[in-house]
1. Would you mind telling me the share, in percent, of accessible area of the chain contributed by carbon and sulfur at probe 1.4 angstrom?
2. What residue among Trp72, Trp218, Trp28 shows peak mean-square fluctuation when the chain is described by a Gaussian network model with Cα springs under 10 Å?
3. Taking θ as phi - 60°, what are the ³J(HN,Hα) couplings along the stretch 170-184 by the Karplus curve (6.51, -1.76, 1.60), each to the nearest whole Hz, with x for Gly and Pro?
4. For a bin width of 10 Å, list the pair-distance distribution of the stretch 45-108 built from all Cα-Cα distances, rounded to whole %.
5. Name the long-range amide H neighbours of Ile106: under 5 Å, sequence gap of 5 or more, or other chain; modelled H, no Pro or chain starts.
6. Using the alpha-carbon centroid of each, what span in Å lies between the stretch 190-213 and the stretch 113-149?
7. For the stretch 125-198, take the convex hull of the Cα atoms, compute a quarter of its surface area, and give me that in nm², please.
8. Based on DSSP H runs of at least 4 residues, each adding -39500 (n - 2.57), what is the mean residue ellipticity at 222 nm of the chain after dividing by all its residues, to the nearest 500 deg cm²/dmol?
Amino acid sequence: MSDSILNENNQNKKPSHVAIIMDGNGRWAKMRGLPRYEGHKQGLKTLRKLLREVNNYEIDYLTLFSFSIDNWKRPKSETAKLMDLLRKFILNDLSELHKNNVRVRIIGSRENIPKSIINLIDSAEALTINNKGLYLQIAFNYSGRDEILNAVKNIGKSISVGIIDPVKINQEIFESYLFTSGVPDPDLIIRSGSEKRISNFLLWQLSYAEVYFEECLWPDFDKGNLDNAIKDFMERSRRYGNVISEIN
Ligand code: IPE
Ligand code: IPE
Ligand code: MG
């Protein structure tokens, strides 16, 4: 790829799994005197563009935070429009993603989601299940704490029917009960929109992720911002609690 930031010297340092908290849509709209919904619409355009460019980075997994369970606290008019945008995203963009060999998985709770959207999610996952290109996880109606609680409840059920022995529970078994089961932890987490917090995203999975905060609001996020985040990541030394600086 001629315009890729990857080359033979840094190829092995690239992140395999990137997660993004796409934040700042509301502020983007407010700055322009527009309703918040216009910011979400623009944010979806940014996402679409990013998905077309992401091939250049040879990322294996991309996990995007698009709607949190905590976002139900917002006015109904806004949450209804956010539901509508996911519906539009699947209806308009799924065929292109499928053509590009992208596997789509929606992670999060199915509670409070309209049945019509659940059907769309199920069919998007079924259509792309055998795709071997980018593995795209969309966190929708997602909460890191609820994901962990949900895993604990299901582990409890498995114990009660004798499928697992509580003494043998380890990290691997626990992870197999998370929505993200089978997907390795993110290497890099990017948050746009200048806030410096994790906001209940992937609480278990981010334990050793490199964190990158981007000032720009999500609708303004572009290839240059992604380049900067990945370049920054490739210069970091990941130690996982060890003392060796070249584990990367
Ligand atoms: C992120 O943008 C999208 C969602 C949380 C659904 P926000 O809507 O949080 O935008 P700001 O943070 O208010 O600017
Ligand atoms: C995080 O952004 C959730 C998403 C981007 C979907 P929020 O805007 O909900 O987070 P807070 O409220 O600033 O922590
Ligand atoms: Mg926000």
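1. Values: 6570 of 13000 Å².
Answer for the chain: carbon and sulfur cover 51 percent of the accessible area.
2. With Cα springs under 10 Å in the chain, the top fluctuation among Trp72, Trp218, Trp28 is at Trp72.
3. 10, 4, 4, 5, 4, 4, 5, 9, 7, 4, 8, 3, x, 10, x
4. Values per bin, smallest distances first: 16, 50, 27, 7.
5. Ile138
6. 20 Å
7. On the way: hull surface 29.2 nm².
Result: 7.3 nm².
8. Values: 7 runs with 97 residues, N = 248.
After summing the helix terms and dividing by the residues of the chain, the value is -12500 deg cm²/dmol.
The values are calculated or read from the model by the stated rules, or taken from the named source; none is laboratory data. Keep in mind that this is a model prediction, so the values were computed, not measured. With ideal geometry, Cβ positions are generated from the backbone for all residues, glycine too; neighbour counts draw on all protein chains shown. All accessible areas refer to the heavy atoms of the entire protein, side chains included, with ligands and DNA or RNA removed. Shrake-Rupley method; radii C 1.70, N 1.55, O 1.52, S 1.80 Å.
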